[in-house]
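Since the structure comes first, as structure tokens, the remarks are kept for the end.
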Amino acid sequence: MSKKRIMIIAASKLPIPAYKGGATETLITNLLNDKLIVDNDNYSIDVYSHCEGEKIDGKNVNYYFKKENKIEKIVFYFFWFIRQCSRKKFPIPDFFPLRIAMSTELNNYDIIILEGNKDQVCCLRRIYKGKIGLHIHTVMTLTNEIFGAKSVIKKCDFLIANSDYTKKVLSSINPYEANKIITIKNCIKISDISSCNTKMRDKFREVNKINDEFVFVYCGRLEPGKGVLELIKALKISKSKSKLLIIGSSWFSSNKKTKYVDDLMREAKELGNQIQFTGYVDHKNIGEYYKIADVAIMPSIYQEAAGLVALEAQAAGLPIIISNVGGISEFVHPQSSLKINIDDNFINSLANMINEISLNKDLYNYEKKLSQQYINRFNIDEYSKKFIDVFNRFS
């Protein structure tokens, strides 16, 4: 039996494998590195990234890179300018699939999966006759407010939602095509996090003269929707002596300063060494940083579709405080009480939760146990099995 051919196209200019970071890129890298995929001789998978890089050949998975050219840049900024002027949310044409077609015959592939870039769908549908899947990683990708959203769904043979919440949002766009939507919840390679040692924890606590104080950790991009400013304000009014470790930057592997990052630094200044900013941390080292902390916090204030951070924190054995928005709560134990509603009292509620979890040992131990129990259902093997089911169904 000949191998089924599958193409995966990265969403942005961040590469797969995820050597420049990115939650989506890390997720797909873990999937493609899993033994159930790597050792599966029924499929040949080619991955294309829209950036500079050298081709990587593997047993059943190959990686290709195509750097953006000047024409693509001009086209992008032309349509971006029109969209800004019109103030309408319409898709910006993405011709990356056309560039791929110049070097390989797309119709030799049984399935092409787009990793989150809805703007590639229309171009691809014009030049490719096979099955198209769109993997949605954030609900902002496709909503009722986006012009042409129904058309994007119609042109796809299937869509993969990363949470039940995401599926609900997508189904509301065109209820008649809701049967195209498959939910595959995000997973991680648990052992990458759980097996990390505590050497960095010991060193961090020694350098910062931490004895019995709690250490909270935030991990993610430093942007307004993630709620980092609200977290700093909550720590300030909590009067807690706990430390806060902030891991991440404004844009993945870049440590470029933005106005928002400056605002964070200014707000944190009053608390001195109580708050530590690490900047970007390579994902291969992220487990060691989680091990420094006692509790993780995911204070998103926008409708986040899902949360790899919630899974990583639990894999490190940490309880996690979350804002009860979007699909985040689907990734923590249903009995966890560390969920905060987004309302006018959000910062005060977060401050109270910081105090409670750091002072109430029984609550801390209970939540820690829930995390350790719940995380096992989100291992990467389960993710791979569900993707193989998709491959079998549509190829």
Expressed as an acute angle from 0 to 90° and rounded to the nearest 10, what is the orientation of the C-alpha long axis of helix 346-359 relative to the principal long axis of the chain? 60 degrees
For region 1-112, max minus min Cα coordinate along each principal axis, in Å, sorted largest first? 52, 30, 25
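Using the crude model of +1 on Lys and Arg Cβ and -1 on Asp and Glu Cβ, and no other charge, please compute the dipole size for the chain relative to its Cα centre, in debye to 20.
For the chain, the charge dipole is close to 840 debye.
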Can you spot the aspartates and glutamates whose alpha carbon is less than 18 Å from Lys233's alpha carbon? Ignore those fewer than 8 places along the same chain. Glu223, Asp262, Asp263, Glu267, Glu270, Asp343, Asp344, Glu356
How much mean residue ellipticity at 222 nm does the chain get from its helices, if each DSSP H run of length 4 or more adds -39500 (n - 2.57) and you divide by all residues, to the nearest 500 deg cm²/dmol? -11500 deg cm²/dmol
Scale the Cα Rg of region 136-259 by the rule-of-thumb value 2.2 N^0.38 Å and send over the ratio, two decimals. 1.49
Take the residue pairs Lys236/Lys361; Lys35/Lys226; Lys185/Lys361 and return only those whose Cα atoms are more than 27 Å apart. Lys35/Lys226; Lys185/Lys361
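First select every other residue whose beta carbon is under 15 angstrom from the beta carbon of Lys361; then total the charges, Lys and Arg +1, Asp and Glu -1.
Around Lys361, the charge tally is -4.
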Once the other residues with Cβ under 13 Å from the Cβ of Ile210 are scored (Lys, Arg +1; Asp, Glu -1), what is the net sum? +1
Ignoring solvent entirely, what values of log10 I(q)/I(0) come out of the Debye formula for region 190-377 at 0.10, 0.12, 0.20 Å⁻¹ when each Cα is a single scatterer? -0.35, -0.52, -1.71
Inter-label distance for Val281 and Tyr366, nm, one decimal - labels placed 7 Å from Cα along Cα-to-Cβ: 2.9 nm
Placed amide H near Ile182: partners under 5 Å, 5+ positions off or other chain: Leu159, Ile160, Ala161
How much of the DSSP bridge set in the chain is antiparallel, in percent, rounded to the nearest 5? 5 percent
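Read-outs throughout are calculated quantities, based only on the coordinates presented, and are distinct from any laboratory measurement. In this text, all values refer to a predicted model and were calculated from it rather than measured experimentally. FYI the Cβ positions are ideal-geometry reconstructions off the backbone, even for glycines, and counts take in every protein chain you see.
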